[in-house]
Amino acid sequence: MTISLDFGNILTRAWNIAWRNRVLWLFGVLAGCVRGGGSGGGSPSFDPNNLPVRPDGQFVLPPELERMFGNIDPTVFIVAAICLFLLIFVIVLVAQTLGIGGLIGGIDRADTAGSVSFGEAWSIATAKFLPLLGLTLIIAAIILGMVLVIIVPGVLLSIVTLGVGLLCFIPLLCIFIIIAMLFGLIVQFAQIGVVVDNLPMFDSLRRGWEVFRANLANTIILAIIVGVIGVVVGLVLTLPLLFMIVPVMAGVVGFAAENRALSIGLIFALICFCLYLPVLLVLNGILQAWTTSAFTLAYKTFTRPAAAPPASFAPSAPSL
């Protein structure tokens, strides 16, 4: 059944829910934790004007470190790097799954009861963790299969034909991107179905496809509106990062001969990034909460149309 969607009402209600229930910002940060940042350390004896470099340009480690790492099998570094990558992947996957569950569940509770607490959203996140995790793994397997079927043969064809196959691969890649974006909308509805309607994994994918197919135009228009606003807000949020890069670029381009100027630019950019990172995470969490609220409200509108008026209010037929 196709439902006419009031986009202004949906977006306004989504913003009210996201702004008035600040606990959703935390789950928005977790749900959007697909990228992160970090900082490095330094040494008190580090002197950028006296770097230990060989004549061939290779960096020289201090004798103590060179003896330490020289006795370690390179395989150990490879295994350690793989283990570290897997650990980070598992942490991000768990955090993102809990964030999605708590965010959708919190939005549904706030829309129904007017507000939501952290405990309520967290209980929903933990209760729906396994179904959402299974759904994520299924989606990852589907995307991996699509990449192996479409992207990998296209890249190999481009290499074998010395770039001639690239003319056919580029349109194919565009089609793949469009399909992936549409599939992402189905996944969004499937995740909402798991939390809001208590659906199993495969049933949620079926429900997501049914809702998407029955409300194709409304869903695409909503996705375009939310996507454009998200891109604009994202560009505004990244502007401070560009100002942080300016001192570094000035040190590289204008003062390439002065290692001290480059080091000062790097330190300044690092300090600014560390100060701005919490602000960026919070603002991104708000944006994530608003976006998910819009799609959750749209899903509930599509699957819970207004009930028909009771029969007692129907006009009676004229008596003869």
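The table below gives the values:
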read-out	value
Among the residues listed as Thr219, Thr301, Thr296, the single one being out of contact with any Leu (no Cβ under 7 Å at 6 or more places or on another chain), under 30 Å from Met181 (Cβ atoms) and at pLDDT 75 or above	Thr296
Qualifying position, being part of a loop (DSSP other than H, G, I, E, B) and either of a type outside the set (Asp, Glu) or at pLDDT 55 or above (or both), among Ala250, Ala257	Ala257
Qualifying residue in the stretch 80-87 (condition: modelled with pLDDT under 90, of a type in the set (A, V, I, L, M) and assigned to a helix (DSSP H, G or I))	yes
Only listed residue being within 26 Å of Thr301 (Cα to Cα) and without any contact (Cβ under 8 Å) to a residue 40 or more places away in the chain, chosen from Phe118, Phe129	Phe129
Within the stretch 224-236, tally of residues that are surrounded by 15 or more Cβ atoms within 10 Å (Cβ to Cβ) and without any contact (Cβ under 8 Å) to a residue 40 or more places away in the chain	1
Residue count, the stretch 304-320 (criterion: assigned to a helix (DSSP H, G or I) and either modelled with pLDDT of 90 or more or of a type in the set (A, V, I, L, M) (or both))	1
Residue within the stretch 155-176 that is part of a helix (DSSP H, G or I), surrounded by 13 or more Cβ atoms within 10 Å (Cβ to Cβ), touching a Cys at 6+ places or on another chain (Cβ under 9 Å) and at negative phi present	yes
Residue within the stretch 114-123 that is closer than 19 Å to Phe189 by Cβ and among the charged types (D, E, K, R) present	no
Residue within the stretch 77-85 that is surrounded by fewer than 17 Cβ atoms within 10 Å (Cβ to Cβ), over 30 Å from Lys300 (Cα atoms), within 22 Å of the chain's Cα centre (by Cα) and free of Cβ contacts under 8 Å to residues at least 40 places away in the same chain present	yes
Qualifying residue in the stretch 46-56 (condition: modelled with pLDDT of 55 or more and outside any helix (DSSP H, G or I))	no
Odd one out for Leu148 among (1) farther than 23 Å from Ile100 by Cα; (2) surrounded by 12 or more Cβ atoms within 10 Å (Cβ to Cβ)	(2)
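The values are calculated or read from the model by the stated rules, or taken from the named source; none is laboratory data. Note that the structure is predicted; figures quoted are calculated from it, not measured. Please note: Cβ atoms are built from the backbone with ideal geometry, for glycine as well, and neighbour counts cover all protein chains shown.
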